[in-house]
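Trainee: The structure follows.
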Amino acid sequence: MKWTPNDMDMYLQAKEYVDTALIPLVPVSFAENMKQSASMKDFTDILTVEIERQFKGRIMLLPQLAYLSALDEEKRLELAAGWARELKEQGFAHVFYITSDSEWKENEQELEGSLIWIPSIPLEHLEEKHKKPMIDDQVRQVLAIFTRKWHE
């Protein structure tokens, strides 16, 4: 389920079946790596929408948690922890973060939830016929992570 009014209606009716929250972590930079951060956002958008489609009824895809790249690690972790606490209080048994920002890997053990890090694929230069198979391959890998974590 996505963070849309229609999906919120469905969520409220089937709340007990939606036990997983997916939070996209997206860096925003206005410096020399501006294009790279925009590419990460684009890739994460496409990937998370497809993940949500595959697990509709089990996952709530939340709005992106965008943060300035210059924000220090401690503040990033506090931000993510606040979301995780609120989601747990609201009954979500599993919290997943997904990002292409490798800096999250350094503090993965401090996150309240599971981190999925996937290197960003610059999609802007690919033809549509090549994008879909690449995204599908990435989604298959991520789906395996979800099912493994759900069975732990």
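Trainee: Quick check on my filter: what residues within the stretch 1-30 are among the polar types (S, T, N, Q) and within 30 Å of ASP72 (Cβ to Cβ)?
Mentor: So in the stretch 1-30, the residues among the polar types (S, T, N, Q) come out as 4, 6, 13, 20, 29.
Of everything in the stretch 1-30, those that are among the polar types (S, T, N, Q) and within 30 Å of ASP72 (Cβ to Cβ) turn out to be THR20, SER29.
Trainee: Would you mind telling me which numbered condition in (1) within 25 Å of ASP7 (Cα to Cα); (2) touching a residue at least 60 places away in the same chain (Cβ under 8 Å); (3) within 17 Å of the chain's Cα centre (by Cα) SER100 fails?
Mentor: (1)
Trainee: Restricting attention to the stretch 140-152, and to residues there that are over 22 Å from ILE46 (Cβ atoms), without any contact (Cβ under 8 Å) to a residue 12 or more places away in the chain and of a type outside the set (Asp, Glu), which single residue is surrounded by the most Cβ atoms within 10 Å (Cβ to Cβ)?
Mentor: ARG148
Trainee: Quick check on the stretch 130-139. Is at least one of its residues surrounded by 15 or more Cβ atoms within 10 Å (Cβ to Cβ) and in contact with a Lys or Arg (Cβ under 7 Å, 6 or more places away or on another chain)?
Mentor: Within the stretch 130-139 (the criterion being surrounded by 15 or more Cβ atoms within 10 Å (Cβ to Cβ) and in contact with a Lys or Arg (Cβ under 7 Å, 6 or more places away or on another chain)), the answer is no, since none of the residues qualifies.
Trainee: Could you please give the count of residues in the stretch 118-130 that are farther than 23 Å from ALA144 by Cα and assigned to a helix (DSSP H, G or I)?
Mentor: Qualifying residue count, the stretch 118-130: 2.
Trainee: Mind telling me which of the residues LYS105, LYS2 ends up being basic (Lys, Arg), surrounded by fewer than 17 Cβ atoms within 10 Å (Cβ to Cβ) and in contact with a strand residue (DSSP E or B) (Cβ under 8 Å, 6 or more places away or on another chain)?
Mentor: Unique residue meeting the criteria: LYS105.
Trainee: If you check ALA21, ALA14, ALA38, which single one turns out to be of a type in the set (A, V, I, L, M) and buried (at least 18 other Cβ atoms within 10 Å of the Cβ)?
Mentor: None of the other options fit; the residue is ALA21.
Trainee: Could you tell me which numbered condition PRO122 fails, if it satisfies all but one of (1) surrounded by fewer than 14 Cβ atoms within 10 Å (Cβ to Cβ); (2) within 24 Å of LYS15 (Cα to Cα); (3) touching a residue at least 60 places away in the same chain (Cβ under 8 Å)?
Mentor: For PRO122, the exception is condition (2).
Trainee: How about the stretch 93-117: which of its residues are in a loop (DSSP other than H, G, I, E, B) and under 19 Å from TYR17 (Cα atoms)?
Mentor: ALA93, GLY113
Trainee: Select from the stretch 46-92 the residues that are in a strand (DSSP E or B) and under 12 Å from the mean Cα position of the chain (by Cα) and write down the one among them that is surrounded by the fewest Cβ atoms within 10 Å (Cβ to Cβ).
Mentor: Among them, the one singled out is ALA66.
None of the figures in this text is laboratory data; all of them are computed from the coordinates on show. The shown structure was predicted, so the numbers you read here are calculated from the model rather than taken from an experiment. Every residue, glycine among them, receives a Cβ derived from its backbone with ideal geometry; neighbour counts consider all protein chains shown.
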